[in-house]
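S.K.: Have a look at this one before I ask anything.
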Amino acid sequence: MAPLPEDQYGAYHKNAKFWFTYQTPNIASIAAAGSTTNSITFDNDSAFEWTKITVTADIAGAVQTQSSLVLVLGTVQIQDTGQGAYYSNAAIALAAYQGQLGLPYVMPAPQIIAPNATLQFNWNNYSAATTYANLRLQLHGWKIRR
């Protein structure tokens, strides 16, 4: 039997991967022209193969339908704090990550997030008048157990 593939974090077995979603902590409210920061710490038992992104928010808790989904006028910049690396050279408009009709944005290439890594999210609301509520970003992909 061939040995398991290894990387700098140890041996991984592709049969031990399963679909998983990490979500940023909820931003209960971000005022017009406001900014905030939050983070996700990834589980220590697995690497994460990040393949899709969704962004969700509402305005004052209002019900949303397919035709009234909130398009957040804001940006986010994502940083892997352990490596000091950013996933973009500048903050990216959230509309670029929202996908069409509420569907996930499919990343051009999967990103492997190391076990126990922390991603920091730096948010900015560039709307002149809208306060967004319950702002979250979901990272969809595969957990790959060691």
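Since every read-out is calculated from the coordinates, none of them should be taken as a lab result. Because the structure is a prediction, the values reported are computed rather than measured. Using ideal geometry, Cβ is built from the backbone for each residue, glycine included, and neighbour counts are taken over all protein chains shown.
S.K.: Could you list the residues of segment 21-48 with an amide nitrogen less than 19 Å from a label point located 7 Å from the Cα of Gln83 in the Cα-to-C-beta direction?
M.R.: Those under the cut-off are 22, 39-48.
S.K.: Using 11 Å as the cut-off for backbone N distance, which residues of segment 86-116 belong to the label zone defined by a point 7 Å from the Cα of Glu49 along Cα→Cβ?
M.R.: Counting backbone N atoms under 11 Å from the label point, the list is 110-112.
S.K.: For the chain, what does -39500 (n - 2.57) per DSSP helix run (n ≥ 4), summed and divided by total residues, give at 222 nm, in deg cm²/dmol to the nearest 500?
M.R.: -500 deg cm²/dmol
S.K.: Also, quick follow-up: What distance in nm lies between label points placed 7 Å from Cα along the C-beta direction at Ser39 and Ser127?
M.R.: Taking the two extended label points, one gets 2.8 nm.
S.K.: Distances longer than 24 Å among the Cα atoms of the chain: what percent of all pairs is that?
M.R.: 36
S.K.: To the nearest 20 Debye, how big is the dipole of the chain about its Cα centre, given +1 on the beta carbon of each Lys and Arg and -1 on that of each Asp and Glu?
M.R.: My answer is approximately 200 debye.
S.K.: If Lys and Arg each add +1 and Asp and Glu each add -1, what is the summed charge of the other residues whose beta carbon sits under 15 Å from the beta carbon of Ala28?
M.R.: Numbers: positive: Arg136; negative: Asp58.
Charge balance in the 15 Å sphere: 0.
S.K.: List the chymotrypsin sites (Phe, Trp or Tyr not before Pro) within segment 49-114 that DSSP assigns to loop and that have no more than 15 neighbouring Cβ atoms inside 10 Å.
M.R.: Passing sites in segment 49-114 are Tyr87.
S.K.: Using the alpha-carbon centroid of each, what span in Å lies between segment 72-96 and segment 99-114?
M.R.: Rounded to whole Å, the Cα centres lie 14 Å apart.
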